[in-house]
Amino acid sequence: MTKKHTISVVVPLLNEEKSLEELYNQLTVVLRKVAVGYELLFVDDGSTDGSLKVLHLLRESDNCVKIISFMRNYGKSAALSAGFEAANGDIVVTIDADLQDNPDEIPGLIEELDQGMDLVSGWKLNRKDPITKTLPSKIFNFVTSLVSGIKLHDFNCGLKAYKKEVVKRVLIYGELHRFIPVLAVWEGFKVSEKRVSHFERKFGRSKYGTKRFLNGFFDLLTVIFITHRSTSPLHFFGRVAVFFLTVGGLINLYFLFQWLAGNGLHVRPVMVGGLIMIVISIQIGFFGLLAELFSSQAEKSFSFREYLIDD
Ligand code: UDP
Ligand code: MG
């Protein structure tokens, strides 16, 4: 592989003091081989162990080591986001700090970028984690692939390579880092995946428990929403409102005819249900209008593949 890229490696980390030095050594060996210039951007996500101290020591002897350190724990998405903003390389690679990802896979990922991809995501075919993680993760990947229509097996792999434009464009917050490939595709970028090796966690423990799966579901809703807003929000909410209005309206029309035909009316559950549906439909309709107002403000930026406007 010819050296032609400047590479920024972004490493989000939370309490990984025992892994950092080994990770640094492995990354350095690989990057010296493949990059014309590189930086190792360690983003300390509010660690309370000695991680920051280890990073300072590494930086003392090597100015390729750059450190961003949060005052408190904001989550992996925030850490990646801060790293993406600071990254200078024309290629950005993300890798977990816990030695579970293999730095030797980086050249392979970059080769796919050279062949025209914008984002290449690792696929941990042989994931070395307990079943309590691998099974929910399989379900997560299956559902995400199903609703997004994007044929990936492993959306949330920590090891990914990006062209710079992707990380400067894709906005991640909350826990949305699990959906980066979906957001990137939606922005028009070309995304593929490549099988990568995976190791067991050597030191420390996983930062994610079972709580993430409920949150993952909410995040999925968010992503479906974000990625479908190419039509306007009102097109979506309007349809829901029309549905409720139609059903509620028909029910009450039926009772109106009953009344006109001289059959006395008494309050019946179905009638109350119909009325509630009409009220709901009005609320949803206005909610859609409100969302429309916000999105008309937000939709002023676009991702360009080319912008050739100078003479
Ligand atoms: N991480 C982080 N902030 C957090 C949680 C995790 O920066 O709030 C980092 C963590 O140090 C690791 C990577 O994100 O480098 C992946 O986390 P972990 O290994 O705990 O996840 P798992 O591999 O168990 O899914
Ligand atoms: Mg891990």
| said: Quick check on VAL54: is it β-branched (Val, Ile, Thr), farther than 28 Å from LEU113 by Cα and within 14 Å of ligand 1 (Cβ to nearest atom)? | reply: yes
| query | List pairs: first in the stretch 31-57 and within 18 Å of THR94 (Cα to Cα), second of a type in the set (A, V, I, L, M) and at pLDDT below 95, Cβ under 9 Å, 6+ apart or cross-chain? | reply | LYS33/MET1; VAL34/MET1
| remark: How many residues of the stretch 169-197 are in a helix (DSSP H, G or I), out of contact with any strand residue (DSSP E or B) (no Cβ under 9 Å at 6 or more places or on another chain) and under 15 Å from ALA87 (Cβ atoms)? The answer is 1
| request: Exactly one condition in (1) out of contact with any Gly (no Cβ under 8 Å at 6 or more places or on another chain); (2) within 29 Å of PHE302 (Cβ to Cβ); (3) surrounded by 15 or more Cβ atoms within 10 Å (Cβ to Cβ) is not met by PRO107; state its number. | output: (2)
| message | Can you list residue pairs whose Cβ atoms sit under 6 Å apart, with the first residue in the stretch 153-168 being closer than 16 Å to VAL143 by Cα and free of Cβ contacts under 8 Å to residues at least 40 places away in the same chain and the second being surrounded by fewer than 21 Cβ atoms within 10 Å (Cβ to Cβ) and hydrophobic (A, V, I, L, M, F, W, C)? Count only pairs 6 or more apart in sequence or on different chains. | response | ASP154/TRP123
| query | Would a scan of the stretch 214-228 turn up a residue that is touching a Lys or Arg at 6+ places or on another chain (Cβ under 7 Å), within 16 Å of ligand 1 (Cβ to nearest atom) and either over 26 Å from VAL182 (Cβ atoms) or in a helix (DSSP H, G or I) (or both)? | reply | yes
| Is one or more of the residues making up the stretch 137-157 over 19 Å from LEU176 (Cβ atoms) and acidic (Asp, Glu)? | no
| task | Answer yes if at least one residue in the stretch 171-179 is free of Cβ contacts under 8 Å to residues at least 60 places away in the same chain and either within 15 Å of ligand 2 (Cβ to nearest atom) or in contact with a Phe, Trp or Tyr (Cβ under 9 Å, 6 or more places away or on another chain) (or both), and no otherwise. | result | yes
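Residues checked against (1) within 16 Å of ligand 2 (Cβ to nearest atom); (2) closer than 30 Å to ARG305 by Cβ; (3) of a type outside the set (Lys, Arg):
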position	(1), (2), (3)
GLU16	yes, no, yes
GLU22	yes, no, yes
ASN25	no, no, yes
LEU52	no, no, yes
SER69	no, no, yes
ARG72	no, no, no
VAL93	no, yes, yes
ALA97	yes, no, yes
GLU111	no, yes, yes
| query | Among the strands (runs of 3 or more DSSP E) confined wholly to the stretch 56-132, which include 2 or more residues that are over 21 Å from LEU152 (Cα atoms)? | reply | 65-69
| message | Considering only the stretch 119-139, I want to know if a residue exists there that is away from ligand 1 (no atom under 16 Å from the Cβ) and either within 25 Å of TYR24 (Cβ to Cβ) or at pLDDT 95 or above (or both). | response | yes
| field | Matching entry among THR2, THR48 (being over 22 Å from SER192 (Cβ atoms) and not acidic (Asp, Glu)) | value | THR48
| task | Restrict the check to the stretch 40-54 and report whether at least one residue is of a type in the set (Gly, Ala, Ser), part of a helix (DSSP H, G or I) and over 20 Å from the mean Cα position of the chain (by Cα). | result | yes
| Residues satisfying the stated conditions in the stretch 1-23, i.e. charged (D, E, K, R) and either surrounded by 24 or more Cβ atoms within 10 Å (Cβ to Cβ) or part of a loop (DSSP other than H, G, I, E, B) (or both) | LYS3, LYS4, GLU16, GLU17, LYS18
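The values are calculated or read from the model by the stated rules, or taken from the named source; none is laboratory data. Note that the coordinates shown come from a computational prediction; the quantities given were computed from them, not determined experimentally. In this analysis, Cβ positions are derived from the backbone assuming ideal geometry, glycine residues included, and neighbour counts consider all displayed protein chains.
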